[in-house]
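The values are calculated or read from the model by the stated rules, or taken from the named source; none is laboratory data. Remember, predicted model here, so these are calculated numbers, not experimental data. Positions of Cβ are backbone-derived with ideal geometry, glycine not excepted, and every protein chain shown enters the neighbour counts. Heads up: the accessible areas ignore ligands, DNA and RNA and are worked out on the full protein's heavy atoms, side chains in. Shrake-Rupley method; radii C 1.70, N 1.55, O 1.52, S 1.80 Å.
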Amino acid sequence: MIVTNQEIEQEADRLFRALLHVDCEPGRQWNLESCHRIAPLTLEINRLKREQDAVILTHSYVEPEIIYGVGDFKGDSYFLSLKARESRAKKIVFAGVVFMAETAKILSPDATVVVPDRGSGCSLADSITGEDVRRLKALYPDATVVCYINSTAEVKAESDVCVTSGNVYDIIAQLPARRILFVPDRLMADNVRTELKRRGVAKEIVSSDGTCIVHDHFDPAFIAEARTRFPGLKVVAHPECTEEVAAAADYVGSTGGMMKYVKNTAAPYFLMLTECGLVGRLQVEDPEKHFIGGCRLCPYMKLNSLEKVRDALLAPRPDQIITLDEDMRRRAARCIDRMFELTPKS
């Protein structure tokens, strides 16, 4: 692909305007020079998208140059699952983690779905298999099986309904069964028990033992210290955190919910107890807000890069192309469709 100097200048300017407020880790800085370096790559990716009738779905936790440089849709798991369901594109590149790409294939079976790095797993999704779920179902035959969206296609296929961090409480509250088998997140199950008890909803929640390697390390002592150092601080946490962290936070919610809360809340400082990519998005979209340290990097999400996105479009390896057994896909699709049916309409 031959691009002119003028095209590179215009693309670098576009990228710089999008990324100038993002704080990078040491050794990286978004300035006009760094945007010039990636401009030929983002131009190439966006050209390949047009030529291949492709869309790029980008989770909020991936690097901002992917989100704002080449992404067509950005958001949390629920929003991106909707976009995958609505997509009529021939190819979907999912810049996130593998279970998300599997969800896209479940919901858009006629599309070619590719993942930039097959190693981009998830500690939650990788903590349980379909066989594990079958064993748990044998132990609790009267339970309705609820799987968090951070699970593999084979786990979804063994479950009755899928949930996200944004709709988990409302969906479980609606289910007629008293006993709920919740997989794979033990800490989210703890928060579900607490919230449903607060709502006066009687459920027995049985969970498996997975946790998120980003969210399970946050510490309530750190929150207390931060509140002392930064008067007026608002603490924002994800329900994959521990009960103690959730109890100490000002707001607990999904990735999309956390973004909405910060944008709509006046505070001198925010402490985001989640993956650092969300802070990057907020720095772009609400640059007047001030964030203190505390977020953590997800090593799986950070395996995505512009170069890998380009290669997934240009010449994907067989392992990058998501393939699913059709019977399993159909059963997983029923599980996800049930989520859409039960999610309250906003």
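Quick notes on this structure:
- Among residues of segment 74-95 that are touching a residue at least 12 places away in the same chain (Cβ under 8 Å) and of a type in the set (Lys, Arg), those with a Cβ under 8 angstrom from a residue that is open to solvent by 20 Å² or more (accessible area, probe 1.4 Å) and part of a strand (DSSP E or B), sequence gap 6+ or separate chain, pair up as LYS83/VAL55; LYS83/PHE73; LYS90/THR112; LYS91/VAL55; LYS91/THR112.
- Restricting ALA221, ALA247 to residues that are over 30 Å from ASP142 (Cβ atoms), in contact with a helix residue (DSSP H, G or I) (Cβ under 8 Å, 6 or more places away or on another chain), open to solvent by 40 Å² or more (accessible area, probe 1.4 Å) and among the small types (Gly, Ala, Ser) narrows the list to ALA247.
- Residue that is nearest to GLU307 (Cα to Cα), among those in segment 55-66 that are open to solvent by less than 10 Å² (accessible area, probe 1.4 Å) and either of a type in the set (A, V, I, L, M, F, W, C) or free of Cβ contacts under 8 Å to residues at least 12 places away in the same chain (or both): ILE66
- Only one of the listed residues (ILE45, ILE92, ILE56, ILE67) is at pLDDT 95 or above, touching a Gly at 6+ places or on another chain (Cβ under 9 Å) and not in a helix (DSSP H, G or I). That residue is ILE56.
- Test result for PHE99, open to solvent by less than 20 Å² (accessible area, probe 1.4 Å) and either part of a loop (DSSP other than H, G, I, E, B) or closer than 25 Å to TRP30 by Cβ (or both): no
- The residue that is nearest to VAL235 (Cα to Cα), counting only those in segment 298-346 that are in contact with a strand residue (DSSP E or B) (Cβ under 7 Å, 6 or more places away or on another chain) and not in a helix (DSSP H, G or I), is CYS298.
- Odd one out for PRO287, checked against (1) under 15 Å from LEU19 (Cβ atoms); (2) open to solvent by 30 Å² or more (accessible area, probe 1.4 Å); (3) free of Cβ contacts under 8 Å to residues at least 24 places away in the same chain: (3)
- Residue in segment 256-267 that is modelled with pLDDT under 95 and within 16 Å of ASN150 (Cα to Cα) present: yes
- Any hit, segment 79-89, residues being closer than 21 Å to VAL168 by Cα and either in contact with an Asp or Glu (Cβ under 6 Å, 6 or more places away or on another chain) or at pLDDT 95 or above (or both): no
- Verdict on GLY69 being open to solvent by less than 70 Å² (accessible area, probe 1.4 Å), on the phi > 0 side of the Ramachandran plot and of a type outside the set (Phe, Trp, Tyr): no
- Of all positions in segment 9-18, at least one carries a residue that is modelled with pLDDT under 95, in contact with a Phe, Trp or Tyr (Cβ under 6 Å, 6 or more places away or on another chain) and surrounded by 15 or more Cβ atoms within 10 Å (Cβ to Cβ).
- Long-range neighbours under 6 Å by Cβ, at least six apart or interchain, first residue closer than 25 Å to TYR61 by Cβ and free of Cβ contacts under 8 Å to residues at least 60 places away in the same chain within segment 220-238, second open to solvent by 80 Å² or more (accessible area, probe 1.4 Å) and charged (D, E, K, R): PRO220/GLU244; LEU233/ARG227
- Residues in segment 109-127 that are open to solvent by less than 10 Å² (accessible area, probe 1.4 Å) and touching a Ser or Thr at 6+ places or on another chain (Cβ under 8 Å): ALA111, PRO116, LEU124, ALA125.
- Residues that are surrounded by fewer than 23 Cβ atoms within 10 Å (Cβ to Cβ), touching a strand residue (DSSP E or B) at 6+ places or on another chain (Cβ under 7 Å) and of a type in the set (Lys, Arg), drawn from segment 129-176: LYS137
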